[in-house]
Every structure is written in structure tokens, then in C-alpha cells.
Amino acid sequence: MAVTLARGLKDVFLDTTESSFIDGALGILLYRGYSIHDLAQQSNFNEVSYLLLHGALPNRSELAAFTQRLVDNRALPPEIIDTIRLVKNAHPIDVLRTAVSAIAAFDPEVSLDTSDPVGSRDSNICKAERLTAQFPTMVAAHHRIREGLEPVAPRRDLGHAANFLYMLEGKEPSPEAIAAMDLDFLLHAEHGANASAFAARVTASTNSDLHSAIVTAIGTLKGPAHGGAAEVVEKMTTEIGAPSRVHDYIRAKLDRHERIMGFGHRVYKAEDPRARHMRARAKSLGEQMGHSEWYEILTQVEKEMVPYQARGIFVNVDFYAGVVYALLGLPEDLFTPIFAIGRIPGWCVEILEQFDNNILIRPLLHYTGPKDRQYRAIDER
Ligand code: COA
């Protein structure tokens, strides 16, 4: 039988979705029908999280109630802080994965019935909102603990991004830092069947529970081909050190057939529409903080990569994200967990869609090994 392989499931439509639309050729991204550009310029992470989880933009009272629920769910059970202490020397993304796994045991809506771990749609929305609220606290608590400090309790009067930065540093962030962080969360909130959301759907498709699917997603996000790219871009920027060194550095990397992180995308063959907002933020933050050289290094790298555009390799969202985080004073190993803080509503909505219209995701593999081997007893091998 002739077999057509879809390696990497490239260009394969897995299912239908109403969460986000991506046109990779034209560089278009919509969240539930709204342009990412309109949302980036006029909305905020809380509103977008509500839009993704509940299907429509909230009115004032819906947004106030949603924000209140997030604020109410920010604190972690003391057992989770203890768990974070136990694994504090691991990479922050591994600590986040561990904390999410552990917190399932404390979630009031987690079903203990192993024949039906999924639970109701309402309970899953509650879990999704709770995880959206808890992720920043988990990441910030771990960062404090590994620095030998005590976790900072969340503040009810601060917004989502502001409270995250406050819990990390123990002091109120500047309005510019809050705006940059909120924009970053918004731009990362949802992105279709990306590798981590797909992995989450696979777990959900077995009728496993939402927390298990999120643990799967975090493990998948960790890789540098996905969520780990911003961390590598930042390392590259530091290694390059000055705009004048960009040409030789990039040429040498490409001559060794190495990839330049922050470029290329499985779906976008035009510029990632999220990149322009991070680029603008990297420029303005760099100027404000007296560190324009990082932005200049990156724009120089972009120029070096122009010939690759003919092959559909353009800058992606992670290219400028790393420098924004660095300008905010955030350590490189927090970049992927920060991506996860933004992506949690998107993961949850992908899982909810999978539950709503479930089918086991179980592709085939085309076997190419031998078929006629004779078994020999161990002493005869
Ligand atoms: N730098 C240089 N060349 C790149 C490249 C990059 N960042 N990304 C892709 N290419 C090249 C590949 O070498 C390959 O060339 P070839 O056909 O001569 O072998 C070609 O483009 C196609 O790459 P492929 O790996 O098949 O595409 P993909 O759709 O599987 O890969 C990514 C998508 C994201 C994994 C890939 O672009 C990548 O590794 N980018 C860097 C990591 C990154 O920024 N990830 C964040 C994504 S948001």
C-alpha cells in the first residue's frame, strides 16, 4: 500500500477551531475574529483572556468580575510553595511544570473519578481561570526562593502584569514595564495548533484532565524550537555584544548551517504579525533605559537575514521578546515561563475545544524496519 507521510504534520488540518485564525502566507493573526494589531494597540491581557475563555469581549461588569476571580485565585496553597522549595534548583520551566502537576491535587474542581476525570465544562473554565491566576505566582515564588528570598504575596490592588513583576522584585514596577509585560502576555495568549497546544490536545483527547494536559503543554513549550527561542536569542545578543560584530557572527553561524533563533516559523512564511509590536516595544524601552545597542544588534541581525525572506524565513515574535525581557531586568531562564504565563488561556481554550468535540488523536506510523527476524534465546545471540 502506498503511504503518504505528513512528517511533522506540516500543513495538516487537525480539526476546526473558533479560537484563533492564522494566515501564514499573509502574516495575519486573529483571536476569535479580532485582529492581533487592534488587540495589541487597544486591549489588554485580562480582556483577551476573557475573550479566549468565554468567547466574546467582556462588558465592564463581566471584566470586573473576571478580574476579581483572577485576583481571588492568585495565592498558592502552602504545600505548593513547599514543593517549589524542594525543586528550586531546577530550570524555572521545569519548576512551573512540577508546580502545575502538584497543584492539581489541591484544585477544588479536579475530579477524583478516574472513569471521568474531565469533569464539566464549567469546572474546566474555573480550572482555566485559576491556572491563569496561579501561573505568575508560581514563577515569581520560585524565582524568589532560588535567590534565597521569601516569596512575595500577591497584591490585590495590582493588575495581572504589574502584580507579577511586583512578586518577582518586591517593588512596584514602572508603568512602562507593566505595559511591556502586559503586551507580551497578550501577544502570546493563543496560537492555534502550535506544538504545545497540540500536545495538550493529544492528552485531552484521551479524556484525561485539564491539569494533565497543561503539564504536557509546558513540557513541550520548553524546547528551543518552540518556547525556548527567546532565551537563545538573548544569549546570542549578549554574545554578539556590538552592532559592528553582527555581520561576521551571523555569517559564521550560517556557514556552519546553524539556525538563527527567532527566525522562521512552521506557519508564517511572511513576518509574524506579533513581531512588529515587540520590535516597537524593544525600541522604545531600549531608548528609555539607555540600552539602544541591544535593539541595534537585533535590527542588524534582521538585515543580515533579509536574503532568507525569499525562502519564507522572517522574524518571529520571540526575536524581540528576549530583549524586552532583558530590558525589564528579567533573567534569561525566566523567558520560557513568561511565555507560559501568557499562553495559559490559549492552552485552556484549545483543551476545552477538544473536550467539547472530542476524538482520540492517534495517528499512524509507517513501519520501515525488518519484518522477518527470528527470535534467538539469549545465550545464542
Ligand atoms: N535560521 C536559518 N535557517 C532556517 C531557520 C532559521 N531560524 N528556520 C528554518 N530554516 C531553514 C532550514 O534550515 C531549512 O532549510 P533547508 O530546506 O535548506 O534544510 C528550511 O528553512 C525549512 O526549515 P524547517 O525546519 O523544515 O521548517 P519548520 O517549519 O520545520 O521549522 C522552526 C520551523 C520554527 C522550527 C524553524 O524555523 C526554527 O528552528 N526556527 C528557530 C527557532 C525559533 O525561533 N522558534 C520559535 C518559533 S515561534
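Please work out the average accessible area per residue across the range 1-132, using the 1.4 Å probe convention, and give it in Å².
56
Quote the accessible area belonging to residue 215 in square angstrom, nearest 10, computed with a 1.4 Å probe and with ligands, DNA and RNA left uncounted.
Rounded to the nearest 10, that gives 40 Å².
Looking at the P(r) of the range 224-284, how many percent of alpha-carbon pairs lie beyond 14 Å?
Tail of P(r) above 14 Å: 66 percent of Cα pairs.
How large a share of the accessible area of the range 123-236, in percent, is made up of carbon and sulfur atoms when the probe is 1.4 Å and the other protein chains stay in place?
Its accessible area is 56 percent carbon and sulfur atoms.
What are the extents of the Cα atoms of the chain along their three principal axes, listed from largest to smallest and rounded to whole Å?
Principal-axis extents of the Cα atoms in the chain, largest first: 70, 54, 48 Å.
Could you name the lysines in cross-link range of residue 253, using Cα to Cα under 19 Å and dropping any fewer than eight places away on the same chain?
235, 303
Which loop chymotrypsin sites (Phe, Trp or Tyr not before Pro) in the range 342-381, with loop taken from DSSP, have no more than 14 other Cβ atoms within 10 angstrom of their Cβ?
Hits after loop and neighbour filter: 367, 375.
For the range 273-381, report the accessible area per residue in Å² (1.4 Å probe, heavy atoms, rounded to an integer).
Per-residue accessible area for the range 273-381 comes out at 52 Å².
Would you mind giving the average projected area, over all directions, of the Cα convex hull of the range 319-381 in nm² with one decimal?
Convex hull of Cα atoms, orientation-averaged projection: 10.5 nm².
Could you look at the range 263-381 and say what percent of its accessible area is carbon and sulfur, using a 1.4 Å probe and all protein chains?
Whole-percent figure for carbon plus sulfur exposure: 51.
Run through every distinct alpha carbon pair of the range 1-53 and return the Kirkwood hydrodynamic radius in angstroms, one decimal place.
13.4
Please identify, among 322, 241, 148, the residue showing maximal mean-square fluctuation in a Gaussian network model of the chain using a 10 angstrom Cα cutoff.
Of 322, 241, 148, the Gaussian network model singles out 148 as fluctuating most.
Keeping all protein chains in position, work out how much accessible area residue 269 exposes to a 1.4 Å probe, and write it in Å² to the nearest 10.
Solvent-accessible area, nearest 10 Å²: 100 Å².
Using only the Cα atoms, what convex hull volume per residue in Å³ does the range 272-381 have?
Per-residue hull volume (Cα only) is 277 Å³.
Could you calculate, for the range 1-145, the ratio of the Cα radius of gyration to the Kirkwood radius, expressed as Rg to Rh?
1.04
The values are calculated or read from the model by the stated rules, or taken from the named source; none is laboratory data. Just so it is clear, the model here is predicted, and its values are computed rather than measured. Positions of Cβ are generated from backbone atoms using ideal geometry, with glycine treated the same way; all protein chains shown enter the neighbour counts. Note: accessible area is taken over every heavy atom of the protein model, side chains too, but ligands, DNA and RNA are not part of it. Shrake-Rupley method; radii C 1.70, N 1.55, O 1.52, S 1.80 Å.
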